[in-house]
Structures are given as C-alpha cells and as structure tokens.
Amino acid sequence: MGKRDKQLERFKNNPKNVAFDDLVALLKYFGCTFREGKGSHSVYTHSCFGEEEHTLPRQNPMGVIYVKKAIENIERIRSCMED
C-alpha cells in the first residue's frame, strides 16, 4: 500500500481533521485538475466526471461533508480507470 493509499484510508477513518492542502494533493494524485472558483473556493474536475465540477472551500480543517464527497469521487475515479 502506497503513501497516498494510506492517506486515503486515514481520511476515510477520520474525516474530521483533514487539511485543505492535503485533500487537494490527494485529489491531484488521482488525476483531478483544479481551477480557482469564486471567493475562497477551488473547483476540481476529472475526465471520469464528464462535465461535472466539484467545489472545495479553503478551510482548515475541511468540513466532513467535503471530505466524504472527495473520497466518494476518488472511488469513482478508481472504478472508472479500472474499466
């Protein structure tokens, strides 16, 4: 199990104490691209999502709902890449 896989498992087990930069780094590792959104938000996309975009607010620690959604999206990317 690699470093990023271990980090993903940590986030799954404890989504309360995740830093914005750590979550962005993990999403980038799985191939997401980022652009600036409105205000203090960043928007990320992936080819597996089609036209779908997801927003992350810049906050530390990240809100649990954002971490869980990002984990869900990483799982989508993994299954998309396996097909």
Give me the one-decimal nm value for the distance between modelled label points at Asn14 and Thr45, 7 Å along each residue's Cα-to-Cβ direction. 3.6 nm
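Probe of 1.4 angstrom, ligands and nucleic acids ignored: what's the accessible area per residue over the range 9-83, in square angstrom?
Normalised by residue count, the accessible surface of the range 9-83 is 61 Å².
Top to bottom by accessible area (1.4 Å), largest first, where do Glu82, Glu9 land? Write out the running numbers ahead of the final one.
Details: Glu82 150, Glu9 70 Å².
Descending accessible area places them as Glu82, Glu9.
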Using 0.36 nm per residue of separation minus the Cα-Cα distance, give me the extension gain between Gln59 and Arg35 in nm, one decimal. 7.0 nm
With a ≥ b ≥ c the root eigenvalues of the C-alpha gyration tensor of the range 5-46, is it rounded (a/c under 1.5), prolate (a/b larger than b/c) or oblate? oblate
Give the whole-number value, in cubic angstrom per residue, of the convex hull volume spanned by the C-alpha atoms of the chain. 85 Å³
Projected label distance in nm at Cys80 and Arg4, using a 7 Å step from Cα toward the beta-carbon: 1.4 nm
Any helix of the chain counts here only if DSSP assigns it H throughout, its Cα atoms span 30 Å or more along the axis, and its mean Kyte-Doolittle hydropathy is at least 1.0, and such helices are none
Could you please state how large a percent of the accessible area of the chain is carbon and sulfur, counting protein chains only and using a 1.4 Å probe? 48 percent
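The values are calculated or read from the model by the stated rules, or taken from the named source; none is laboratory data. Quick caveat: nothing in here was measured; it's all calculated off a predicted structure. Counting neighbours? That spans all protein chains shown, and the Cβs are built from the backbone with ideal geometry, glycine included. The accessibility values were calculated without ligands, DNA or RNA, using every heavy atom of the protein model including side chains. Shrake-Rupley method; radii C 1.70, N 1.55, O 1.52, S 1.80 Å.
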